[in-house]
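One structure below.
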Amino acid sequence: MSTNTTAASTPFARRFGLRLPLVQAPMVGATTPALVAAASQAGALGSLGAGAMTPEKIAAEVAEIRAATPRPFGINLFVLGPAAADDATVRRALAAIDPLRAELGLPPGRAPERYAPAFRDQLDQVIALRVPVVSFTFGVLDAADVARLKAAGSYVIGTATHVAEGLAWRDAGADAVCAQGSEAGGHRGTFIDADRNPLVGTMALVPQLVNALDIPVLAAGGIMDGRGIAAALALGAQAAQLGTAFLTCAESAAVQDWRRRLAASTDTDMAVTRAITGRYARGIRNTLMNRLEAEPERVAPYPVQNALTQELRQAAARADRGDYLSLWAGQGAPLLRGRRAGCGAAELIDALAAEWHAASERVSRSIAVE
Ligand SMILES: Cc1cc2nc3c(=O)[nH]c(=O)nc-3n(C[C@H](O)[C@H](O)[C@H](O)COP(=O)(O)O)c2cc1C
């Protein structure tokens, strides 16, 4: 651990006793209780992507994290209403998905019983579990739900991809806002003007939210190393939230071919698509993305398309076939090549802390020279 004290801490980092102002981002499909516990134990704020989990699974995974670390951690949920789809929408979508399923030896797809877990049940579970930090994406809670979470002792973080969304979360009573720039991997949280898919980048978004809000802002999107953490803090963020940087950690659930493609990626390989899940998400371009994008009129809205492609992607994960996976990744993915493949989260966080201290020192030295 670096003993350098140049880099300043932030109120957010102090509140959770963090060694550096770093959040390990919640990521459905990649975060595991082991990753979250390792990140929190190493002095960051670990976060579990629980948006796709049943309330029972959320309870089991929270228990696993608590058994592995006494330190604070976060749980992330998707703010979604009940979803339904008519037969014609399902048939149209499956006409594009079924040929891909056949290539993996799967029979034609069918409409699932449920397109997504019931959000209200997930929320009630998280409130009952009195989780230290609860974050949300894809929507905003009403003030009464935020108040229930706070009464349970939880610190509430809302995701914003533009200023109006940050203001909506502030008005609902959130403790902090995660400013998620368009460089970010995976789905972004957009819920106001989502059809226009506003693509405000992290560098532009963070200072605008810092100016607009009187609550802490966390920066997410394209941050891969200590230089990025220092830059986020210079823009006024109180912490940096890194997702893609943790995908290749030993404790991540990412399968081998996803890891290989991350390590081999170049800056232009990542694209934003709604063809895989019905909602805009950034990932490495592959066969699945290209084939589904070729028939945009067949893509069902989220979460219907997500549910209809799920079995295919799960089969691809079991077979380690990256061509048929959703290879979510941010624009900074090529920077993973500087890391030791398969290192533990603790090793990554040690490196990030040292890089952040060095970057902060470089900045203060260059200011001193001027
Ligand atoms: C594989 C993957 C899954 C993700 N799942 C979620 C999620 O469940 N909830 C969420 O709020 N954000 C999710 N995100 C976004 C991250 O929380 C974070 O904002 C993003 O990774 C930051 O950008 P970066 O990937 O460039 O570091 C996901 C990102 C990735 C790469």
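Each value in this text was obtained by applying a stated rule to the coordinates, not by laboratory testing. These numbers come from a predicted model, not from an experiment. Cβ sites come from the backbone with ideal geometry, for glycine too, and all protein chains shown count toward neighbours.
Averaged across orientations, what area in nm² does the convex hull of the alpha carbons in the chain project?
Details: hull surface 70.9 nm².
So the Cα hull casts an average projection of 17.7 nm².
DSSP loop GluC sites (Glu not before Pro) in segment 276-311 with at most 12 other Cβ atoms within 10 Å of their Cβ, which ones?
Numbers: sites: Glu293, Glu297, Glu311; in loops: none.
In loop regions of segment 276-311 (DSSP not H, G, I, E or B), there are no sparsely surrounded GluC sites (Glu not before Pro).
Got a sec to turn the phi values of segment 237-252 into Karplus ³J(HN,Hα) couplings, 6.51 cos²θ - 1.76 cosθ + 1.60 with θ = phi - 60°, whole Hz, x for Gly and Pro?
5, 9, 6, 10, 10, 10, x, 3, 4, 8, 4, 9, 5, 4, 7, 6
For segment 6-149, calculate the relative contact order in percent as a whole number, restricting contacts to Cα pairs under 8 Å that are 6 or more residues apart.
Working: 197 pairs, mean separation 33.6, N = 144.
23 percent.
For Asp121, Asp350, which order do you get if you count the other beta carbons within 10 Å of each Cβ and list the fewest first?
Numbers: Asp121 13, Asp350 18.
Ordered from fewest to most neighbouring Cβ atoms within 10 Å, Asp121, Asp350 come out as Asp121, Asp350.
Just order 187-197, 62-72, 282-292 by mean Cβ neighbour count inside 10 Å, highest at the front, would you? Let's see the in-between values first.
On the way: 187-197: 18.1, 62-72: 16.0, 282-292: 20.2.
Per-residue Cβ counts within 10 Å, averaged per peptide and sorted highest first, yield 282-292, 187-197, 62-72.
Could you list the trypsin sites (Lys or Arg not before Pro) in segment 91-177 that lie in coil according to DSSP, counting only those with at most 13 other Cβ atoms within 10 Å of their Cβ? Show your work: numbers first, answer last.
Values: sites: Arg91, Arg92, Arg101, Arg110, Arg114, Arg120, Arg130, Arg148, Lys150, Arg170; in loops: Arg110, Arg114, Arg130.
Qualifying residues, ordered by number: Arg110, Arg114, Arg130.
Find how much the distance from Arg92 to Ala212 grows on full extension, using 0.36 nm per residue of separation minus their present alpha carbon separation; answer in nm with one decimal. Please list the in-between numbers first.
Numbers: separation 120, 0.36 × 120 = 43.20 nm, distance 4.31 nm.
Roughly 38.9 nm would be gained on extension.
Volume per residue, Å³, of the convex hull around the alpha-carbon atoms of segment 246-370? It would help to have the intermediate numbers written out before the result.
On the way: hull volume 16.7 nm³, N = 125.
With only Cα atoms used, segment 246-370 gives 134 Å³ per residue.
Give me Met27, Met53 ranked fewest to most by other Cβ atoms within 10 Å of their Cβ, as a rough exposure proxy. Mind dumping the intermediate values first?
Working: Met27 25, Met53 19.
Result, fewest neighbours first: Met53, Met27.
Within segment 12-106, report the chymotrypsin sites (Phe, Trp or Tyr not before Pro) that DSSP leaves as loop and that have at most 15 other Cβ atoms within 10 Å.
Working: sites: Phe12, Phe16, Phe73, Phe78; in loops: Phe16.
Nothing satisfies the criteria.
If I build a Gaussian network model for the chain, linking alpha-carbon pairs within less than 10 angstrom, which residue out of Ala179, Ala341, Ala232 has the largest mean-square fluctuation?
Greatest mean-square fluctuation among the candidates belongs to Ala341.
Taking a spot 7 Å from the Cα of Thr287 along the direction of its beta carbon, which residues of segment 252-267 have an amide N less than 18 Å from it?
It comes to 255-262, nothing else.
Using modelled backbone amide H atoms (1.01 Å from N, in-plane), which distant-in-sequence or interchain residues come within less than 5 Å of His187's amide H?
Arg282
How would you rank Glu183, Glu165, going from fewest to most other Cβ atoms within 10 Å of each one's own Cβ? Display every interim value, and only then the final one.
On the way: Glu183 22, Glu165 25.
Taking fewest neighbouring Cβ atoms as first place, the list is Glu183, Glu165.
Please report the equivalent ellipsoid semi-axes of segment 298-370, computed as sqrt(5 x eigenvalue) of the Cα gyration tensor, largest first, in whole Å.
Working: eigenvalues 326, 59, 20 Å².
Over the Cα atoms of segment 298-370, the semi-axes work out to 40, 17, 10 Å.
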